[in-house]
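The values are calculated or read from the model by the stated rules, or taken from the named source; none is laboratory data. The model shown is predicted, which means the values in this text are computed figures rather than measured ones. Heads up, the Cβs are rebuilt from the backbone with ideal geometry, glycines too, and the neighbour counts pull from every protein chain shown.
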Amino acid sequence: MSVSKAELDSFTNVLFQKYGIDFTCYEHQSLSRRVNRVLHNFKVDSIHELWVMMLRDRNLIFTFMDQISVGLTSMFRDPMTWVELKKIFSTYKYDRVINVWNAGCSTGEEVYTLTIMLDELGILDKVNILATDMNQSAMEDAKKGIYHKVKMIDYEKHYKQFNKFGNFSRYYTTDENHIIMKDYLIKNVKFKYHNLTTDLFPGQFDFIFNRNVLIYFDQKMKDKLITQFYQSLKPNGYYILGFYDSILSEEQKSKYINTLSSFRLFQKPASVLA
């Protein structure tokens, strides 16, 4: 089945008007693929049928949102980026709490990656982390920290590239089919619902992780969000993008004093002229 641009535009406009949920700025091809997957999962043949179902069942919008925003993530993805981040975090002076925002945390693999790195640096208790997503179901999975053992083959490989002398297994317990991340890793993590396109940004941060999220938006929304993330960074703070995200434009990069573009790491100046 295929969804035309006109159908998709009409549907996203109605969703925004009725629920205040803005998908109008999502990149068309990406959103079309996701909507087609939802139609298949709901066993309907058209957006019209899906909309009729939503009118009959008011709670269906939440299921739709969860399915449309399913993210692809893994632990210690892009290991060399985490090696660079470990160097950066190790140079910070921890005479105050460091605030981190993971914007688009999905099922939590990146949150656990971050807290494992902080634990190995001995600074886990000195960092507060806000982890947000618009997918409530994914965030519940993140809080539980339960992942299938099959995934651990890649996670272990990535971790060894990050720290070849480390012992990844000390961070989780196991049952027959799953690994369960240890609770202490997220004791300073607050999970919260947040829609990047419609909600106010939640404060000022020393680090903002926004990896492989911008790829789903059109260029206008990407530019808007990049500006808002910059404004939400404290002086000397770092903005971290993913390898699947488009690299910042030359104009956007010029706002940062230190850019490790190959690792998608960007540092805000200590002071900014008005």
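Pairing each residue of the range 146-171 that is closer than 17 Å to residue 82 by Cβ with any residue that is of a type in the set (Asp, Glu), provided the two are 6+ apart or on different chains, yields C-beta distances under 6 Å for 168/156. Within the range 92-115, take every residue that is in contact with a Gly (Cβ under 9 Å, 6 or more places away or on another chain) and small (Gly, Ala, Ser) and give me the one that is surrounded by the most Cβ atoms within 10 Å (Cβ to Cβ). Among those that are in contact with a Gly (Cβ under 9 Å, 6 or more places away or on another chain) and small (Gly, Ala, Ser), it is 108.
What do you reckon, is residue 240 within 27 Å of residue 198 (Cβ to Cβ) and among the hydrophobic types (A, V, I, L, M, F, W, C)? I'd like the intermediate steps shown before the answer.
Numbers: within 27 Å of residue 198 (Cβ to Cβ): yes; among the hydrophobic types (A, V, I, L, M, F, W, C): yes.
Yes, satisfied.
Please determine whether any residue of the range 110-121 is part of a strand (DSSP E or B), under 22 Å from residue 217 (Cβ atoms) and not assigned by TED's automatic domain parsing to the domain that holds residue 27. Full working, then the answer.
Kept after step one, since they are part of a strand (DSSP E or B), are these residues of the range 110-121: none.
No.
Restricting attention to the range 210-234 and to residues that are touching a Lys or Arg at 6+ places or on another chain (Cβ under 7 Å) and more than 19 Å from residue 68 (Cβ to Cβ), the residue that is surrounded by the most Cβ atoms within 10 Å (Cβ to Cβ) turns out to be 233. Among the residues here, residue 140 does not qualify as touching a strand residue (DSSP E or B) at 6+ places or on another chain (Cβ under 9 Å), surrounded by 15 or more Cβ atoms within 10 Å (Cβ to Cβ) and among the charged types (D, E, K, R). Would you pick out the residues in the range 36-62 that are under 19 Å from residue 16 (Cβ atoms) and either acidic (Asp, Glu) or not in a loop (DSSP other than H, G, I, E, B) (or both)? Within the range 36-62, 38, 47, 48, 50, 51, 52, 53, 54, 55, 60, 61, 62 qualify.
Filter the range 201-211 for residues that are touching a strand residue (DSSP E or B) at 6+ places or on another chain (Cβ under 8 Å) and either closer than 11 Å to residue 130 by Cβ or among the polar types (S, T, N, Q) (or both) and give the result. Walk me through it before giving the result.
At the first step, the residues of the range 201-211 found to be touching a strand residue (DSSP E or B) at 6+ places or on another chain (Cβ under 8 Å) are 202-211.
Correct list: 202, 203, 204, 205, 207, 208, 209, 210.
Each residue in the range 3-62 was checked for being more than 25 Å from the chain's Cα centre (by Cα), within 28 Å of residue 244 (Cα to Cα) and basic (Lys, Arg), and 1 pass.
In the range 216-230, the residues that are touching a residue at least 60 places away in the same chain (Cβ under 8 Å) reach residues that are part of a helix (DSSP H, G or I) and crowded, with 21+ Cβ neighbours inside 10 Å with C-beta atoms within less than 8 angstrom, at least six apart or across chains, in these pairs: 216/31.
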